[in-house]
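Asks: Next up is a structure, given as structure tokens.
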Amino acid sequence: MHKILELYNSINQYGTLNELDLEVVSPGHIRYLMPVKEKHLATPIAIHGGVLSAMMDAILGVAALSASCEDGKLVSTVEFKINYLAPARLGDVLIGEGKVIQKGNRLIIAEGDIKLQNSDKIIAKGMGTFSAYPIQKSGVLEHLKEEQKAILGKEYFPDLK
């Protein structure tokens, strides 16, 4: 896993809170796994659409990040669209897969699916546009703790011990 992705995964509070498990298949292609828990529900049995929307933003955004980090860049969402196709229920395990379909110097386009684990049933489909920008211009580097700086190493922090 690229150092920038490793850092992102270590500081991603949303991913930790929602128990997202990241797999980088290749640069520009990722998978997230998420179990549907009570905290995700809108009704006693079905997941909230906002949880699926946030998961889709993560799927698309991390696919874009996995492609841009090779260039020392982070990404931010410009826009994305989601189609809800079926409900997910308490106890389901969701598999989200995101792929970059177009990568430019500044804009990256990604598409994604959320499916039920061990099934071809599609819960949601999405597509998004992401802005890529140098990590040095993000403001993130100035807010990292020592252990987080160590992940990036001397390439970004020459004075690191």
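Asks: Give the cross-link partners of LYS37 among the lysines, using a straight C-alpha distance below 17 Å as the criterion and excluding same-chain residues fewer than 8 apart.
Replies: List returned: LYS115.
Asks: Next question, about the same structure. Express the relative contact order of the range 55-139 as a whole percentage, based on alpha carbon pairs under 8 Å and six or more residues apart in sequence.
Replies: 38 percent.
Asks: What distance in nm separates the two pseudo spin-label positions at SER119 and ASP21, each 7 Å out from Cα along the beta-carbon direction?
Replies: Result for the modelled spin labels: 1.8 nm.
Asks: Before anything else, pin down the relative contact order of the range 1-64: Cα pairs under 8 Å, at least 6 apart, normalised by residue count, whole percent.
Replies: 23
Asks: Can you tell me how much longer the chain between SER53 and LYS161 gets when fully stretched, taken as 0.36 nm per residue apart minus their C-alpha distance, in nm with one decimal?
Replies: 34.8 nm
Asks: Looking at LEU160, LEU85, MET55, which one has the Cα that reaches farthest to the positive end of the dipole of the range 10-161 (charges on Cβ: Lys, Arg +1; Asp, Glu -1)?
Replies: LEU85
Asks: Run the numbers on the chain and let me know its relative contact order in percent, using alpha-carbon pairs under 8 Å that are six or more apart.
Replies: Reported relative contact order: 23 percent.
Asks: With point charges of +1 on the Cβ of Lys and Arg and -1 on the Cβ of Asp and Glu, referenced to the Cα centre of the range 1-128, which listed residue (ASN12, ILE114, VAL24) lies farthest in the positive direction of the dipole?
Replies: ILE114
Asks: Just to be sure I understand the model, the point goes 7 Å from the Cα along the line to the Cβ. What's the resulting HIS2 to GLN136 distance in nm?
Replies: Result: 1.7 nm between the two label points.
Asks: On a 31 Å Cα-Cα criterion, which of the cross-link pairs LYS125/LYS154; LYS99/LYS137; LYS39/LYS125; LYS73/LYS125; LYS81/LYS145 come out too long?
Replies: LYS125/LYS154; LYS81/LYS145
Read-outs throughout are calculated quantities, based only on the coordinates presented, and are distinct from any laboratory measurement. Bear in mind the structure is a predicted one, so any value in this text is a computation, not a measurement. For neighbour counting, all protein chains shown are included, and Cβ atoms are generated from backbone atoms with ideal geometry for every residue, glycine included.
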